[in-house]
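Heads up: the structure comes next, in structure tokens.
No lab work stands behind these numbers, since they all come straight from the coordinates. The model shown is predicted, which means the values in this text are computed figures rather than measured ones. Note: ideal-geometry Cβ built from the backbone for every residue, glycine included; neighbour counts use all protein chains shown.
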Amino acid sequence: MYKIVVDANSKIIYITIAGQTTTDEVRAGTMEINDLLLQFEAKEFSILISAERLDPISQDSIPLIQESMKFVIERANKIAAVHKRVITMMQMRRIEKKTFNNEGLRDRIARFNSAKEALAYIKE
């Protein structure tokens, strides 16, 4: 399950991802995010990703996530992710490492334990 909400006043895109996600959901979500970011100027919006209740992602979905990560890194101002499940956080870090090959781009994704901390980071 995913949900995307745009707050035009604060220039934040809120993305919530939870539970088991199918490859079709990942495909639909990444396409929606990418299309949405094209509507705005580069670096105009920041992204807050709430993946607190996300289950591990299927191997079939990883290439879709990698492709979207590259695009989001280029287009978003700040990116903050909230993870509560250690296994999912470790999986996302492996995906980021594989995607960016230590280019320093994965440092653009800040990780937090709470949405409150992530929001404070984005608003600073």
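Looking at the stretch 10-27, which of the residues that are more than 21 Å from A118 (Cβ to Cβ) and in contact (Cβ under 8 Å) with a residue 24 or more places away in the chain is surrounded by the most Cβ atoms within 10 Å (Cβ to Cβ)?
The selected residue is V26.
Could you look through the stretch 1-27, keep only residues that are in a helix (DSSP H, G or I) and acidic (D, E), and pick out the one that is farthest from R75 (Cα to Cα)?
Here the answer is D24.
Would you say T30 is touching a strand residue (DSSP E or B) at 6+ places or on another chain (Cβ under 8 Å), touching a residue at least 12 places away in the same chain (Cβ under 8 Å) and surrounded by 14 or more Cβ atoms within 10 Å (Cβ to Cβ)?
No: the conditions fail for T30.
Inspect the stretch 74-91 for any residue being part of a loop (DSSP other than H, G, I, E, B) and of a type in the set (S, T, Y) and give the result as yes or no.
The answer is no, given that none of the residues of the stretch 74-91 is part of a loop (DSSP other than H, G, I, E, B) and of a type in the set (S, T, Y).
Got at least one residue in the stretch 39-58 being assigned to a helix (DSSP H, G or I), touching a residue at least 24 places away in the same chain (Cβ under 8 Å) and not hydroxyl-bearing (S, T, Y)?
Scanning the stretch 39-58, I find no residue that is assigned to a helix (DSSP H, G or I), touching a residue at least 24 places away in the same chain (Cβ under 8 Å) and not hydroxyl-bearing (S, T, Y), so the answer is no.
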